[in-house]
Amino acid sequence: MLKWLWLTALIFTLDLATKFWVSSTLSLYEVIPVTSFFNIVLAHNSGAAFSFLADAGGWQRWFFTAIALLVSVVIVVWLKRLPVNEKLQAVGLASILGGALGNVFDRIAHGYVVDFLDFHYKSYHWPAFNVADMAIMMGAALLIWHTIFCSQEVGKSEVK
């Protein structure tokens, strides 16, 4: 199922292209209002999700990079071993891999991850995120869906 790495490459490219556009268009924390609930804003996240450990002093950059690279190797091996009929699982894994590599690139190149999608309600803002984060979340949701709904079908057919 390594044939699904095209999706990884597409997500990685789209992620880097959007981050490049935002970084070259906006100043740090500059906001472009798009709708009443959505802004584009340039933010730098030196931590993990929701800026977890962002103020940890710098060691987190290499820690999160190492974890993402290790997970990426595991995902490639997992993809390689997947049966051909496991398309949903392959799409989920390829999406997570593309997102992980997009954020790893940022950590290595800049020391932080570029975030720019800002959803809000009045003064309450969801933490800014990026295309890589969306791909990771979508991939995780697909794997959860597969585990809950598709794995049971495979198990039933094996029993018969």
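When Rg and the Kirkwood radius Rh are both evaluated on Cα atoms of the range 89-147, their ratio Rg/Rh stands at 1.07. Between the beta carbons of residue 69 and residue 141, assuming R0 = 22 Å, the FRET efficiency works out to 0.45 to the nearest 0.05. With the highest mean first, a sort of the peptides 64-75, 97-108 on other beta-carbon atoms found within 10 angstrom per residue produces 97-108, 64-75. Peptides 30-39, 142-151, ordered by how many other C-beta atoms sit within 10 Å of their residues on average, highest first, read 142-151, 30-39. Listed by Cβ neighbour count within 10 Å, with the fewest neighbours leading, 76, 41 appear as 76, 41.
A full extension of the chain between residue 26 and residue 151 corresponds to an added length of 40.5 nm, given 0.36 nm per residue minus the alpha carbon distance.
Relative to the dominant Cα principal axis of the chain, helix 131-145 is inclined by about 30°. Only one of (1) 1.06; (2) 1.16; (3) 2.28 was calculated from the structure for Cα Rg over 2.2 N^0.38 Å, and its label is (2).
Where a number appears in this text, it was derived from the coordinates with a stated rule and is not lab data. These numbers were taken from a predicted model, which means no experiment stands behind them. Note that we place each Cβ from the backbone using ideal geometry, even for glycine, and neighbour counts take in every protein chain shown.
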